[in-house]
Amino acid sequence: MKVLILGAGGLTGRYLVKEAGRRGMEVIAFPHAQLDITQADSARTVLEKMKPDWVVNAAAFTRLEDCEVNPLQSRDINARAPAEWAKECGKSGVRFIHLSTDYVFDGKKNSAYLPSDPVSPLSRYGKDKAEGERQVMRANPDALIVRLAWIFGHGGKTFMSQLPAILADKDVVELAGGRTGSCTYAGEAARMILDLAARGAREIHHAVGAGQVTWKIFAEKTIERMRNQNRRVVCREIRELSPESIPGLHASRPPFSVLDISMTEMFLGRKIPSWEQGLEEYLTEIGLSRI
Ligand SMILES: NC(=O)c1ccc[n+]([C@@H]2O[C@H](COP(=O)([O-])OP(=O)(O)OC[C@H]3O[C@@H](n4cnc5c(N)ncnc54)[C@H](OP(=O)(O)O)[C@@H]3O)[C@@H](O)[C@H]2O)c1
């Protein structure tokens, strides 16, 4: 089984490369520097040359504020190019797996979002990811779309990825409040994505750690787990700020974006571990210094 991973240098891409390798798959990993998915004819040329069985698209323009100011680039990377890859994969009989986000929702629902719930994105990023989902499905109805949310993992630039190091270093930690969502350890995300693909899943699936979370709860749990593991914690206070008061956060984010995973659990035939279990695995992975 040969799997080609686009955006292989990103947070999820790196874990996918590792997990696919661990499963004995032949992995072709293309980080951005080696392959720009928006390049004309890149899909057809690469598929012809590499002949993969699966393509996983972990490439995306994920910086929300940058998407607002570069809408054409966001549209190109998050919608047009994935559709082109989906179409070419369909023509060549290659399985296409595309990653998406909880930010396709507006957060007005007060229970967990189902994969079939109508999308209503608030930000440029969310709109283009939603458009990407639509275009991918239209171009290749056999494609699998996996929605993730608030990913954390080693070397990640996301706030949750960096939080353990921040808590080990800063006395007072300020973070965005007012938002409840799902979160996902990138290692578990990679396992779920490859399991779904291996079981022949199609259309949209949600793949996040079980349970729901706010950044404050995540930070408190991280402190508790770090202390249990005898890691150094300097943080003595966590302050929740309203997102509007945080400079530079001008893209709208849904206040509630918990994703329902019951369909995915049924499809996989297993319970998805809680986000706390993912956090434990992450803290063990990164080590950090002992007290
Ligand atoms: N991060 C989250 O919390 C989160 C939450 C929900 C869903 N998701 C979704 O999960 C997927 C993976 O996200 P991630 O967190 O792993 O993102 P990431 O760490 O930002 O990785 C995305 C990768 O795509 C690369 N890339 C950007 N433009 C490209 C292009 N034109 N051609 C090829 N590669 C390109 C980036 O390279 P450069 O760094 O060089 O631009 C980066 O290495 C995305 O579909 C994202 O929408 C992420």
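Among 113, 185, 3, whose Cα projects farthest towards the positive end of the dipole of the chain, with charges put on the beta-carbon of Lys, Arg (+1) and Asp, Glu (-1)? Checked the options; the winner is 3. In a reduced charge model with +1 at each Lys and Arg Cβ and -1 at each Asp and Glu Cβ, segment 186-266 shows a dipole moment near 420 debye about its Cα centre.
Take each of the peptides 169-177, 138-146, average the number of other beta-carbon atoms within 10 Å over its residues, and list them starting from the highest.
Top of the packing list down: 138-146, 169-177.
Dipole check for segment 233-277: with +1 at the C-beta of Lys and Arg, -1 at the C-beta of Asp and Glu, and the Cα centre as origin, the magnitude is about 120 Debye.
For the peptides 101-107, 71-77, residues were scored by their other Cβ atoms within 10 Å and the scores averaged per peptide; the highest-first order is 101-107, 71-77.
Over the chain, with every protein chain in place, what whole percent of the accessible area is carbon and sulfur at 1.4 Å, could you tell me? Exposed carbon and sulfur together represent 51 percent of the surface. Under the simplified labelling scheme, the residue 220-residue 63 pair shows an inter-label distance of 3.3 nm, with each label point 7 Å from Cα along Cα→Cβ. I need the Debye-formula profile for the chain: one equal scatterer per C-alpha, no solvent, reported as log10 I(q)/I(0) at q = 0.11, 0.12, 0.13 1/Å, two decimals. At q = 0.11, 0.12, 0.13 Å⁻¹ the computed log10 ratios are -0.63, -0.75, -0.88. Packing, as the average of other Cβ atoms within 10 Å across residues, places the peptides 158-165, 6-13, 41-48 in the order 6-13, 158-165, 41-48, highest first. Set Lys and Arg Cβ to +1 and Asp and Glu Cβ to -1, take the dipole of segment 154-291 about its Cα centre, and tell me which of 194, 255, 215 lies farthest positive. In segment 154-291, that residue is 194.
When the listed pairs 170/216; 129/271; 157/221 are checked against a 24 Å cut-off, the alpha-carbon distance exceeds it for 129/271.
Oblate is the label for segment 157-253. Its Cα gyration tensor axes, ordered a ≥ b ≥ c, give a/c of at least 1.5 and b/c at or above a/b. Under 26 Å of direct C-alpha separation, and excluding same-chain neighbours fewer than eight residues apart, residue 49 reaches these lysines: 2, 18, 87, 91. Take the Cα of residue 271, step 7 Å toward its Cβ, do the same at residue 44, and the gap between the two points is 5.0 nm. Relative to the Cα centre, the charge distribution of segment 1-77, modelled as +1 at Lys and Arg Cβ and -1 at Asp and Glu Cβ, gives a dipole magnitude of about 400 debye.
The values are calculated or read from the model by the stated rules, or taken from the named source; none is laboratory data. What you are looking at is a predicted structure, and each value in this text was computed from that prediction instead of being measured. Positions of Cβ are backbone-derived with ideal geometry, glycine not excepted, and every protein chain shown enters the neighbour counts. All accessible areas refer to the heavy atoms of the entire protein, side chains included, with ligands and DNA or RNA removed. Shrake-Rupley method; radii C 1.70, N 1.55, O 1.52, S 1.80 Å.
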